[in-house]
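> Take a look at the following structure, please.
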Amino acid sequence: MTLVAYGTIGLLLAATVFAAHRRGDVRHADAVHEGWQQLQPLLLRLPPALIAGVFLASLVPEEQVVAVLGEASGARGILLATLIGSIMPGGPMIVFPLALALIEVGIGLAQMITLITAWSVLALHRVIVFEAPMMGWRFVAVRLLASLPVPLAAGFLTEAVLAATR
Amino acid sequence: MPPVASKRSPPWRRLDGTTVFFVLLAVGAGSATWWLQGPDAFTATLIGALGLLLWITPVLVGALLVGAYVQRLIPRTAMARWLGGNSGVLGLSVATIAGAITPGGPFAAFPLVVALYRAGASVEVCVAYVTAWSVLGLNRALVWELPFLGVDFVALRLLISLPLPFLAGFAALVILRWIRP
């Protein structure tokens, strides 16, 4: 897994650097500067966030999680994962360490994909901080209503794909 | 509170609310682990967290660089032009692709949606774009999901997510017709 992830990033980086080089109007210094700008706030934030996420994950009660969100939990687990994902606060720095721990504990794949999808599309903290002030509540209401079936569809699609490939 | 810290300010001046919150959360969760599971479990968990940090940092740096290059290669104005002029299935398809490749966090994606919406792009195209950016966003998948959850998981989740922006777009269309027939 380690090698594949490093390889994927390496290939993508090589491809974008090559494309920028051929275009000529993209300066490498600008891109590096931009990347550094985005990395700076993370240097302080990421270590405590990640450590918090891993400790929080170690506190997750294993048996209960497997009982309600394990592979056998089926449609009920997918519904519950939608609910948890939509109210789960915090950005990716907290959520992904927790997700890793949940997978290690034994949460089902369909339930995990549902949880991440629900957190991605319904994310209430992002709605309150960015979307509502910028887009207005009417747009937010239409989008949230239209997004309600999205995590459920992701969960059931995953179950169908897993059933088909098994 | 002082205003935004300048570039030369010492590191502790850059401690903002979010960072302090994460530090407190880490201390709280760490103490609870020590209390409930004992010092051995605490040490093992801490070492695990530091190992994870060490391993994801290079991936993170690489992915941020990829995002920065993509942002330079595909300017926001070009993206807005593609999105504004199309509706229907074609519009939803363009919105899905654009959402998937938009780099950066919500501070990069939402200004684009606002500009589109004001320029007259239809609501379902905007909904499909936000949904695609949320579930198919390649930048976030690379920066965060790949290092933690691995290539197999990311590939499966992205595959499953391909039809989702269309689903949300069509649902928005139905809702709008229902609000004002």
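The values are calculated or read from the model by the stated rules, or taken from the named source; none is laboratory data. Note that the structure is a prediction, hence the values are computed from the model and not measured. Every residue, glycine among them, receives a Cβ derived from its backbone with ideal geometry; neighbour counts consider all protein chains shown.
> I want to confirm something. Restricting to region A:10-34 and keeping residues that are among the aliphatic types (A, V, I, L, M) and more than 9 Å from chain B (Cβ to nearest Cβ), which single residue is nearest to B:L138 (Cα to Cα)?
Here the residue is A:L11.
> Might you let me know whether region B:67-78 holds any residue that is at the interface with chain A (Cβ under 7 Å from one of its Cβ atoms), among the hydroxyl-bearing types (S, T, Y) and either surrounded by fewer than 17 Cβ atoms within 10 Å (Cβ to Cβ) or more than 26 Å from A:L13 (Cα to Cα) (or both)?
The answer is no; no qualifying residue exists.
> Continuing with this model, one more query. I'm checking my understanding of the structure. Among residues of region B:122-140 that are under 19 Å from B:R177 (Cβ atoms) and aliphatic (A, V, I, L, M), which one is farthest from the other protein chains (Cβ to nearest Cβ)?
B:V125
> Let me ask something additional. Would you list the helices (runs of 4 or more DSSP H) that sit entirely within region B:56-151 and hold 3 or more residues that are touching a Ser or Thr at 6+ places or on another chain (Cβ under 6 Å)?
Result: B:123-136.
> Name the helices (runs of 4 or more DSSP H) wholly within region A:1-105 that hold at least 2 residues that are farther than 17 Å from A:L115 by Cβ and outside the structural domain of A:A154 (by TED's automatic domain parsing)?
In region A:1-105, the matching helices (runs of 4 or more DSSP H) lie at A:2-23, A:28-58.
> Out of region A:47-63, which residues are at the interface with another protein chain (Cβ under 7 Å from one of its Cβ atoms) and over 13 Å from A:A101 (Cβ atoms)?
Within region A:47-63, the subset at the interface with another protein chain (Cβ under 7 Å from one of its Cβ atoms) is A:47-52, A:54-56, A:58-59.
Across region A:47-63, the qualifying residues are A:P47, A:P48, A:A49.
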